[in-house]
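Reviewing the structure listed below.
The values are calculated or read from the model by the stated rules, or taken from the named source; none is laboratory data. On a predicted model such as this, the values are computed, not experimentally measured, just so you know. Cβ atoms come from the backbone with ideal geometry, glycine included; neighbour counts cover every protein chain shown.
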Amino acid sequence: MSFSLAIVGRPNVGKSTLFNRLVGKRLALVDDQPGVTRDLREGEARLGDLSFTVIDTAGLEDATDDSLQGRMRRLTERAVDMADICLFMLDARAGVTPTDEIFAEILRKRSAHVILVANKAEGQAAEAGVLEAYALGLGEPIRLSAEHGEGLADLYAALMPIADTLESRAAVVEAEAPETDVNVEEEESEENPQGLEARAAPTAEKPLQVAVVGRPNAGKSTLINRILGEDRLLTGPEAGITRDAISLRIDWAASHDSPPVPMRIFDTAGMRKRAKVQEKLEKLSVSDGLRAVKFAEVVVVLLDAAIPFEQQDLRIADLAEREGRAVVVAVNKWDIEEHKQEKLRDLKEAFDRLLPQLRGAPLVTVSAKTGRGLDRLHAAILRAHQVWNRRVPTAALNRWLVGMLEQHPPPAPQGKRIKLRYITQAKTRPPGFVVMCSHPDKIPDSYTRYLVNGLRADFDMPGTPIRLHMRGQGAQNPWKGKRKKQPSRLSKHLKKPG
């Protein structure tokens, strides 16, 4: 049985370091500055033969108002209520603080299973702090060093009996559950008329990867909370609240009648201009968001309706296109826009003019606050994903190439005629094509763009990145360019008669 473990404690006691140690990856941002983690981050952890879900939380602070610290505390308390086990972490070198005593009392009331851990316990400087931890009344503290991996065996020994108890309780609940003879089977999907590959359809094992990116305060976290139907991510009027790239698993249905689609949505930190990013922590946050873009299949570029298509918005959209990801442009805060028809017309004109490399990509208007337009966003994401996986038969491609050559033959630079012999699709995700031709280095970029635009229009691939490579045909002479080897004096002497 798998259980959930929430790591809680004051800021800068090492919660994210232990989280990374348990999941075996550097998923959470770690820095000496306190208060780095703000959202709840989940990961699949393994300790010995135990497999469980670990939750990294924001640092507990003594704030109960609507400030940023107060909202972070409420999110952490929600993680405590969700988790099966709470791991309360102290800084052994700092000792027990009054804040630790307050939260120890809260955990005693809200969590059935609490494990006390004294982190940074290596060396003699931590002895006094470990002894002070006994006074909290949460049992014997476990000496741990998340940085160096010390004390994990003791943590395993503390988790094992609780895990057995949770497993036996789950077995009793399952045995007492009423039997049912209803067998729900998934209907076989009809053959896709658009020629998509079978692996293009998202499944529970391979959900559709969606990254939401944009400038700070565009409403990315609010939008994802609206999709989830709960306040899972920290939001507020302050710009730059999100720091980690948080991934969330959801089965998203556009309506009650439509089937849910398995997705993994990444919430990323707001990306400012590179010249404005000076702090180390913000650099780590932006790089974490860029890594999410590389792993995503569909990238939703979220704009602010009040100031759309800023220079940074264009850079972010161009980055997603260069990474070869399917792109959906969403304009948020549409509920406060007064002249909607005029604004939408201006948005479409600016989109075609400023982002010609994404011409035809979906442009949808949404309101993360009210939830309007989410059905259109859902359909646009699925449509972009289908086009991104598009595969065109070779016969259809070569018939298309003949028509393109008749309509506009390639140029003849320096009198050398260029022959385009045939075309084939080499890959999908994004669609990539190879044209076998003579003199591939002489083909101008304008003619390549002509072919790419033709592929986009004639095979219904709007907005998706298309890669077109020109490749020469025919075997190369291995001796071309090499000087003829001169005979040696000895060989000349041997060839003389007598």
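Table for the structure above
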{"item": "Residue identified as surrounded by fewer than 17 Cβ atoms within 10 Å (Cβ to Cβ) and either under 21 Å from Met461 (Cα atoms) or not assigned by TED's automatic domain parsing to the domain that holds Phe309 (or both) among Val364, Val402, Val392", "result": "Val402"}
{"item": "The stretch 356-376 - residue that is outside any strand (DSSP E or B) and in contact with a strand residue (DSSP E or B) (Cβ under 8 Å, 6 or more places away or on another chain) and, of those, farthest from Val261 (Cα to Cα)", "result": "Leu358"}
{"item": "Candidate set: the stretch 127-169, residues that are among the acidic types (Asp, Glu) and within 39 Å of the chain's Cα centre (by Cα); chosen: the one farthest from Val117 (Cα to Cα)", "result": "Glu167"}
{"item": "Candidates Thr57, Thr76, Thr99 - the one that is of a type in the set (S, T, N, Q) and farther than 15 Å from Lys15 by Cα", "result": "Thr99"}
{"item": "Flag for Ile443 being touching a residue at least 24 places away in the same chain (Cβ under 8 Å) and closer than 24 Å to Leu382 by Cβ", "result": "no"}
{"item": "Some residue of the stretch 6-22 being crowded, with 22+ Cβ neighbours inside 10 Å, at pLDDT below 90 and closer than 21 Å to Ile250 by Cα", "result": "no"}
{"item": "All positions within the stretch 81-104 that are more than 14 Å from Leu116 (Cα to Cα) and touching a Lys or Arg at 6+ places or on another chain (Cβ under 9 Å)", "result": "Asp81, Arg93, Ala94, Thr97, Thr99"}
{"item": "Hits in the stretch 407-436 (condition: basic (Lys, Arg) and closer than 21 Å to Met461 by Cβ)", "result": "Lys427, Arg429"}
{"item": "Any hit, the stretch 370-386, residues being among the small types (Gly, Ala, Ser) and touching a helix residue (DSSP H, G or I) at 6+ places or on another chain (Cβ under 9 Å)", "result": "yes"}
{"item": "Residue ID - modelled with the lowest pLDDT, chosen from residues in the stretch 420-451 that are over 15 Å from Trp400 (Cβ atoms) and loosely packed, with under 14 Cβ neighbours inside 10 Å", "result": "Asp441"}
{"item": "Any pair with Cβ under 8 angstrom, 6 or more apart, that starts in the stretch 205-224 at a residue that is crowded, with 20+ Cβ neighbours inside 10 Å and ends at one that is among the β-branched types (Val, Ile, Thr) and part of a helix (DSSP H, G or I)", "result": "Leu208/Ile381; Val210/Ile381; Ala211/Val293; Val212/Ile224; Val213/Val293; Val213/Ile316; Gly214/Ile316; Arg215/Ile316"}
{"item": "Condition check for Lys343: out of contact with any Gly (no Cβ under 9 Å at 6 or more places or on another chain), touching a residue at least 12 places away in the same chain (Cβ under 8 Å), over 29 Å from Leu233 (Cα atoms) and surrounded by 15 or more Cβ atoms within 10 Å (Cβ to Cβ)", "result": "yes"}
{"item": "For Leu60: the one exception among (1) assigned to a loop (DSSP other than H, G, I, E, B); (2) at pLDDT 90 or above", "result": "(2)"}
{"item": "Scan of the stretch 107-125 for residues that are part of a helix (DSSP H, G or I) and either exposed (fewer than 15 other Cβ atoms within 10 Å of the Cβ) or touching a Gly at 6+ places or on another chain (Cβ under 9 Å) (or both), ordered by number", "result": "Arg108, Lys109, Arg110, Gln124, Ala125"}
{"item": "Scope the stretch 126-152; condition part of a helix (DSSP H, G or I) and either in contact (Cβ under 8 Å) with a residue 40 or more places away in the chain or not aliphatic (A, V, I, L, M) (or both); matching residues", "result": "Glu127, Gly129, Glu132, Ala133, Tyr134, Leu136, Leu152"}
{"item": "The stretch 87-106: number of residues that are assigned to a loop (DSSP other than H, G, I, E, B) and buried (at least 19 other Cβ atoms within 10 Å of the Cβ)", "result": "2"}
